[in-house]
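Asks: Before I ask anything, let me first share the structure, which is written out below as structure tokens.
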Amino acid sequence: MSLRTSATRYAKALLEVGIKESDPVAIERDLTSIVKAMTTHAALQRALTSPRIPLTTRVNVVRAL
């Protein structure tokens, strides 16, 4: 799967959550925090983008953050 395809899939899922939760400010805050953490910590970025790390593990990492 290409990076663009993955990004599109995540963007659509995020939009659905945003519509359902009706709190775009909270979503923006959370996304900003994740982006900042990934740009600050290379190991975190590798862990969250690596196909070798199981999806459930990546989800748990994001939830913990």
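The values are calculated or read from the model by the stated rules, or taken from the named source; none is laboratory data. Everything quoted here is computed from the prediction, not taken from an experiment. Cβ placement follows ideal geometry from the backbone for every residue including glycine, while neighbour counts extend to all protein chains displayed. Keep in mind that these areas ignore ligands, DNA and RNA; they rest on the heavy atoms of the full protein, side chains included. Shrake-Rupley method; radii C 1.70, N 1.55, O 1.52, S 1.80 Å.
Asks: Please pick out the residue among ILE34, ILE19 that is in a helix (DSSP H, G or I), of a type in the set (A, V, I, L, M, F, W, C) and farther than 18 Å from VAL61 by Cβ.
Replies: The unique qualifying residue is ILE19.
Asks: Among the residues of region 22-31, how many are closer than 21 Å to VAL61 by Cα and either over 10 Å from the mean Cα position of the chain (by Cα) or of a type in the set (D, E, K, R) (or both)?
Replies: The qualifying residues number 5.
Asks: Additional query: Any chance region 46-55 includes a residue that's at pLDDT 85 or above, in contact with a helix residue (DSSP H, G or I) (Cβ under 9 Å, 6 or more places away or on another chain) and not hydrophobic (A, V, I, L, M, F, W, C)?
Replies: Yes, because at least one residue in region 46-55 is at pLDDT 85 or above, in contact with a helix residue (DSSP H, G or I) (Cβ under 9 Å, 6 or more places away or on another chain) and not hydrophobic (A, V, I, L, M, F, W, C).
Asks: Let me ask something else. Quick one: how many residues across region 46-65 are touching a residue at least 12 places away in the same chain (Cβ under 8 Å) and open to solvent by 90 Å² or more (accessible area, probe 1.4 Å)?
Replies: Residues that pass the stated criteria total 1.
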